[in-house]
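Comments concern the structure below.
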Amino acid sequence: MRPELLITQDGSPTLVHPHFQEAYSSRYGAWTQANALYLRLTRTHEHPSPRILEVGFGLGMNFRAALDSCLRRGVPLDYLGYEAFPVEAEVLGWVEAPLTGGAARVWAEVRAAWAAGPRPLVLEGGWGRLEVRFEDVTQAAFPREWASAIYLDPFSPAVNPEPWGLPVLRSLYAAATPGAYLATYSVAGRLRRALAAVGFEVEKVPGVGKKAWTRAWRPL
Ligand SMILES: C[S@@+](CC[C@H](N)C(=O)[O-])C[C@H]1O[C@@H](n2cnc3c(N)ncnc32)[C@H](O)[C@@H]1O
């Protein structure tokens, strides 16, 4: 079964996963969510050299928002994405984002590398570095005290509970540098308590098009 294309409310596309039956990004706006939730809430948009660890690279929407921002600001991006169930390269091509010239060229390289293999995907250039590890995060060894931002973006805890579990959250805490922010669209009480239990400071913040999002940070 192939994913179904969905045009979100800001006009940007996403997909609905055939097994999980959830959209890869917010139905209120895939591009809006990538920018407002993941890029800005983690303050990546003002970081001088962001290092982002993402749980669920998916369609690379959040990567593209970070790339576009970094290229506009002239700062290097280091992005480490984890993805257990990668989509086919052709399907990745269905999901466009409004990128400026340099970012569009890098994304074309990502798509070519995705189609060609080998895996993990590693791409480097004057813009920075992208590595996508095609691994299940419940089994992954994250780098320690590495990330300036963590994008926690699996499917929802209701249908995909494993990546939200305490063992993964503990490893994410260890992967964060002191002061690093974590952002996620879920505001489940159990998740917020689990984030606090592993050491993060946690807050619920107003979301765009939905009631709230969660932001957490590793204390200094
Ligand atoms: C909501 S989508 C992510 C959208 C993505 N961040 C983007 O910007 O396009 C969730 C993604 O998490 C991936 N995923 C789910 N469980 C996972 C796991 N245990 N380890 C790694 N990736 C996982 C799914 O395959 C899917 O691609």
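Here Asp136 passes the criteria (1) over 24 Å from Arg43 (Cβ atoms); (2) surrounded by 13 or more Cβ atoms within 10 Å (Cβ to Cβ); (3) over 17 Å from the mean Cα position of the chain (by Cα) except the one numbered (3).
Residues in the range 150-196 that are crowded, with 23+ Cβ neighbours inside 10 Å and among the small types (Gly, Ala, Ser) were compared, and the one that is farthest from Arg27 (Cα to Cα) is Ala176. In the range 155-169, the residues that are in contact (Cβ under 8 Å) with a residue 60 or more places away in the chain reach residues that are open to solvent by 70 Å² or more (accessible area, probe 1.4 Å) and near the ligand (Cβ under 6 Å from one of its atoms) with C-beta atoms within less than 8 angstrom, at least six apart or across chains, in these pairs: Val168/Glu162. Within the range 128-163, being farther than 26 Å from Leu67 by Cβ and outside any loop (DSSP other than H, G, I, E, B) holds for one residue alone: Glu162.
Kindly provide the set of residues from the range 116-127 that are at pLDDT 95 or above, small (Gly, Ala, Ser) and not in a loop (DSSP other than H, G, I, E, B), ordered by number. Show your work before the answer.
As a first pass, look at the range 116-127 and keep what is at pLDDT 95 or above: 121-127.
Checking the rest, the ones that are also small (Gly, Ala, Ser) come to 125-126.
Within the range 116-127, Gly125 is the sole residue that qualifies.
Of Ala115, Ala147, Ala84, Ala97, all but one fail to be more than 18 Å from the chain's Cα centre (by Cα) and either among the small types (Gly, Ala, Ser) or surrounded by 13 or more Cβ atoms within 10 Å (Cβ to Cβ) (or both); the exception is Ala115.
Of all residues in the range 35-62, those that are more than 8 Å from the ligand (Cβ to nearest atom) and touching a residue at least 12 places away in the same chain (Cβ under 8 Å) total 16. Within the range 77-102, restricting attention to residues that are in contact with an Asp or Glu (Cβ under 9 Å, 6 or more places away or on another chain) and away from the ligand (no atom under 14 Å from the Cβ), which residue is farthest from Gly126 (Cα to Cα)? Only one residue tops the list, namely Pro98.
Which residue, of Gly199, Gly179, Gly209, is of a type in the set (Gly, Ala, Ser), part of a loop (DSSP other than H, G, I, E, B), more than 14 Å from the chain's Cα centre (by Cα) and over 28 Å from Leu15 (Cβ atoms)?
Details: Gly179 fails: part of a loop (DSSP other than H, G, I, E, B); Gly209 fails: over 28 Å from Leu15 (Cβ atoms).
None of the other options fit; the residue is Gly199.
Please determine, by comparing only the residues of the range 118-133 that are of a type outside the set (Lys, Arg) and more than 16 Å from the ligand (Cβ to nearest atom), which one is most open to solvent (accessible area, probe 1.4 Å). Don't jump to the end; show me each part of the working.
Filtering the range 118-133 down to residues of a type outside the set (Lys, Arg) leaves 118, 120-128, 130-132.
With more than 16 Å from the ligand (Cβ to nearest atom) added as a condition, the list becomes 118, 122-128.
Working: Pro118: 109, Val122: 68, Leu123: 25, Glu124: 127, Gly125: 39, Gly126: 92, Trp127: 25, Gly128: 15 Å².
My answer is Glu124.
One residue stands out in the range 15-34 among those that are crowded, with 19+ Cβ neighbours inside 10 Å and more than 11 Å from the ligand (Cβ to nearest atom): the one that is farthest from Asn160 (Cα to Cα), namely Thr32. Taken together, Ala30, Ala23, Ala36 contain a single residue that is among the aliphatic types (A, V, I, L, M), on the phi < 0 side of the Ramachandran plot and out of contact with any strand residue (DSSP E or B) (no Cβ under 6 Å at 6 or more places or on another chain), which is Ala36.
The values are calculated or read from the model by the stated rules, or taken from the named source; none is laboratory data. Given the structure is predicted, the values throughout are model-derived calculations rather than measurements. All Cβ positions, glycine included, derive from the backbone under ideal geometry; neighbour counts span all protein chains shown. For accessibility, only protein heavy atoms count, side chains too; no ligands or nucleic acids. Shrake-Rupley method; radii C 1.70, N 1.55, O 1.52, S 1.80 Å.
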